[in-house]
1. Quick check, is ALA139 in a helix (DSSP H, G or I), surrounded by fewer than 24 Cβ atoms within 10 Å (Cβ to Cβ) and either polar (S, T, N, Q) or out of contact with any Ser or Thr (no Cβ under 6 Å at 6 or more places or on another chain) (or both)?
2. If I go through segment 236-273 residue by residue, how many of them are at pLDDT 90 or above and of a type in the set (Ser, Thr, Tyr)?
3. Kindly establish whether VAL64 is under 22 Å from the mean Cα position of the chain (by Cα), in a helix (DSSP H, G or I) and surrounded by fewer than 23 Cβ atoms within 10 Å (Cβ to Cβ).
4. Please find, among ILE483, ILE494, ILE407, ILE428, the residue that is touching an Asp or Glu at 6+ places or on another chain (Cβ under 6 Å), under 19 Å from PHE297 (Cα atoms) and either among the hydrophobic types (A, V, I, L, M, F, W, C) or surrounded by fewer than 24 Cβ atoms within 10 Å (Cβ to Cβ) (or both).
5. Select, from ALA116, ALA172, the only residue that is assigned to a loop (DSSP other than H, G, I, E, B) and not aromatic (Phe, Trp, Tyr).
6. Among the candidates TYR329, TYR289, which residue alone is surrounded by 18 or more Cβ atoms within 10 Å (Cβ to Cβ), farther than 20 Å from ILE407 by Cα and in contact (Cβ under 8 Å) with a residue 24 or more places away in the chain?
7. So, SER104, is that one under 27 Å from MET356 (Cα atoms) and small (Gly, Ala, Ser) or not?
8. Does segment 249-256 include one or more residues that are surrounded by 15 or more Cβ atoms within 10 Å (Cβ to Cβ) and not acidic (Asp, Glu)?
Amino acid sequence: MKNNAPVVPRKYLSIFIMLVSCFALWGLLNNMTDNLVPAFQKIFTMDQSRAGLVQVAFYGAYAVLAIFAAVLAEEFSYRKGVLIGLAVYITGALLYIPACIAQSFDVYFIAIFIVAGGCSLLETTCNPYVLSLGDGSTAVRRLNFAQMFNPVGSMMGIVLAQQLILSNLNQATAEERAAMPKAELDAIVNHELFWVCAPYVGLCAIALMIWLFFLFKREGEKSPTAKAFGRVAAALLFSVVPMTVLYFIFPKMNKIIWVLCGVVGPVVYLVLNSDYRSMLATLLCTPRYWCGVIAQFFYVGVQIAAWTWLNVYCQKELGVDAATGALYYTIAIILFIVCRWIATFLMKYFNPALMMAVFAVGAILSCLGVMYLPTKILFACGGMSFSANIICLVAMSGFMSLMFPTIYGIALGGLDQKVVKLGASGLIMAILGGAIITPWMADIIGNAGSFWCKLVPGFATDWDTNLKLTQTSLRASFIVPAICFAVVLAYSLIFSKKSAAKKG
């Protein structure tokens, strides 16, 4: 049935527009970060697994700081959460400068973690902020509308990464770099890292303008009490101190385990605080919510993993370079944007959960196409070749388009406003999937003898010394996205009925 309630009431329009800018900003940062994996792999001549630590840092920060962001929004306000999130991003971006000067991947790791921490604060705050700006009946549509601008930012991130980062990479192979004199190699790396640094630092100007808007956009907020300051400070300590101690005492600790240990601190804070403990209990007694967190974990994991390795897949299957591979990534993001806009419009007439189920089926079929269809060129367009498996690879992005905001809206729908902010943090913590699923795919890609390779017999098994994979291992890795989409499909079907949602 058609819903005539306004998606965004006029009185909230200016706030909504600036929040949309935040959606675009973190979308831009997400997709620039995806391109840092192949960039750092070349710059620092490292393998897939170590380069994949970029994603561990980025999406691990989302998981670790999401609960702190929820406490911040609860004790202060959404507005202050946005302000602090932008400030944290600016701090992390400026840290790229000493990382560039020192030519240190470890300093970049810390800088990326801080940048992502700012994004975590923004996402945890902005998503429920958008849901609150109008009638509850249009909340999912409003969030999908705001999220439409996230891939626009992603598109900008791809362009910036391609034009500023990837295009400035020296084409020397790892073997050629190893044979270079140190002074020559240092000059090349300095040039490459400067262009890694430039876009992140440049974006600080945009972040500052948004920050100034929210600084002066005060709407009758109450001043935080001493108790509120104490709770926020305690949440921050529980979130940051354990990870900092572990990082410096055990520098060689597996970074995924490090992130998982870091998540424990904020959860302990919730358990120790009686008010937040009761909120957590309410959420855990709501199947629609905690199942949504699980679905979001797998969805974000598959989005990040599929986009991270899309470029590599094109390089291997089509024999193109990284810059050309980024063009296929660009097409995938354009399709993602178009499909999200179309899906958002259709949600006015169709059940969002059932729409998501249809898209999940399409995504699973696309994964199977990527795994099994041959690389036989069907047509060329603009100097780019397209085969059935490459078409499936790109189409996957279109099917992913509506999943994040739809899972988010369904999971939080109908919850008491007292627990929405904490509930939002759980859904943002689920972004940890990006730090888990991406390395899972990387492990399959880099292991020519893995069990998963048996799923795709008949493809080449010779080792590519440049990309550090085989055709078989690369294709087999796309079983991981198929599994993730199956989880999203199950969630869609279980909570497709409004009556089920109310009971959940």
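1. Details: in a helix (DSSP H, G or I): yes; surrounded by fewer than 24 Cβ atoms within 10 Å (Cβ to Cβ): yes; either polar (S, T, N, Q) or out of contact with any Ser or Thr (no Cβ under 6 Å at 6 or more places or on another chain) (or both): yes.
So ALA139 fits the description; yes.
2. Total satisfying the criteria: 2.
3. Numbers: under 22 Å from the mean Cα position of the chain (by Cα): yes; in a helix (DSSP H, G or I): yes; surrounded by fewer than 23 Cβ atoms within 10 Å (Cβ to Cβ): no.
For VAL64, the condition - under 22 Å from the mean Cα position of the chain (by Cα), in a helix (DSSP H, G or I) and surrounded by fewer than 23 Cβ atoms within 10 Å (Cβ to Cβ) - is not met.
4. Only one candidate qualifies: ILE428.
5. Numbers: ALA116 fails: assigned to a loop (DSSP other than H, G, I, E, B).
It is ALA172.
6. Selected residue: TYR329, the only one of TYR329, TYR289 that is surrounded by 18 or more Cβ atoms within 10 Å (Cβ to Cβ), farther than 20 Å from ILE407 by Cα and in contact (Cβ under 8 Å) with a residue 24 or more places away in the chain.
7. Taking the combined requirement at face value, the residue does not satisfy it.
8. Yes: segment 249-256 contains one or more residues that are surrounded by 15 or more Cβ atoms within 10 Å (Cβ to Cβ) and not acidic (Asp, Glu).
The values are calculated or read from the model by the stated rules, or taken from the named source; none is laboratory data. Here the structure is a predicted model, which means the values were calculated and not measured. Positions of Cβ are backbone-derived with ideal geometry, glycine not excepted, and every protein chain shown enters the neighbour counts.
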